[in-house]
Amino acid sequence: FSLDNFMSLFKQTITEESKRTYPSFDVKLNTYMNVLIKKSFVYYSRSLFKSDLLIFGLFYIKTLYQTPETKKYWDFLLGQISTKDGSSGNTPNWLPEERRGIYLTFAELFPKLVKIPKESWYKSSSPEEELKRANNISPIGKMILIQVFRPDRLESAMKNFICESLSINSLAPPSMGL
């Protein structure tokens, strides 16, 4: 993880991408940046154990993309916002008792996301896959929905979040050509 490694990735990106034409400088700059972000993720993830890829991916995305607007999403996701007492408040009757406290906090912080969950979605064997198709929900919003309603599916949702955020197909780095 040295500056030399990063500079090598940077130069490689410039060399590869300079062969293309772009409609504007902003598009060109944005493309270069996205390609460099993906290359860096792949390069550095090769040095990690498989069990560490998920946390590295979340840290990588949080470091690169957290804004003041997404701070409360990250704080909620990481448990830095205390949950309410689940004994009082309006919660869906199909929601298990142990999820009611986190639901009340979720409903207060994210009123737009409260309208999305349905009982059928909750009972799905892979709700994170159903949420992949929901274009009206941000990637971090999808992960929060899974955390609130189906924490048993959170690992899969985190993988989807990382892949969607970085526009990659898999967390597993591609094999190196010899």
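The values are calculated or read from the model by the stated rules, or taken from the named source; none is laboratory data. Remember, predicted model here, so these are calculated numbers, not experimental data. Positions of Cβ are backbone-derived with ideal geometry, glycine not excepted, and every protein chain shown enters the neighbour counts. These accessible areas exclude ligands, DNA and RNA; they are computed on the full protein's heavy atoms, side chains included. Shrake-Rupley method; radii C 1.70, N 1.55, O 1.52, S 1.80 Å.
Annotations for the structure displayed:
- Residue in region 38-48 that is exposed (fewer than 11 other Cβ atoms within 10 Å of the Cβ), farther than 30 Å from K118 by Cβ and basic (K, R) present: no
- Unique match (being open to solvent by 20 Å² or more (accessible area, probe 1.4 Å), among the charged types (D, E, K, R) and not in a helix (DSSP H, G or I)) among D85, D52, D152: D85
- Here is the figure for region 88-113: residues that are assigned to a helix (DSSP H, G or I) and of a type in the set (F, W, Y) total 2.
- Taking region 9-26 as the range and being surrounded by 13 or more Cβ atoms within 10 Å (Cβ to Cβ) and either among the hydrophobic types (A, V, I, L, M, F, W, C) or in a helix (DSSP H, G or I) (or both) as the test, the residues that pass are L9, F10, Q12, T13, E17.
- Condition check for M143: of a type outside the set (G, A, S) and open to solvent by 20 Å² or more (accessible area, probe 1.4 Å): no
- Qualifying residue in region 88-98 (condition: closer than 30 Å to K39 by Cβ and modelled with pLDDT of 80 or more): no
- Filter result for W94 (open to solvent by less than 60 Å² (accessible area, probe 1.4 Å) and under 15 Å from the mean Cα position of the chain (by Cα)): no
- Number of the exception - F6 against (1) assigned to a helix (DSSP H, G or I); (2) at pLDDT below 90; (3) open to solvent by less than 50 Å² (accessible area, probe 1.4 Å): (3)
- Look at region 48-69: where a residue is within 14 Å of S170 (Cα to Cα) and of a type outside the set (S, T, Y) and a partner is open to solvent by 100 Å² or more (accessible area, probe 1.4 Å) and assigned to a helix (DSSP H, G or I), sitting 6+ places away or on another chain with Cβ atoms under 8 Å, you get L54/E155.
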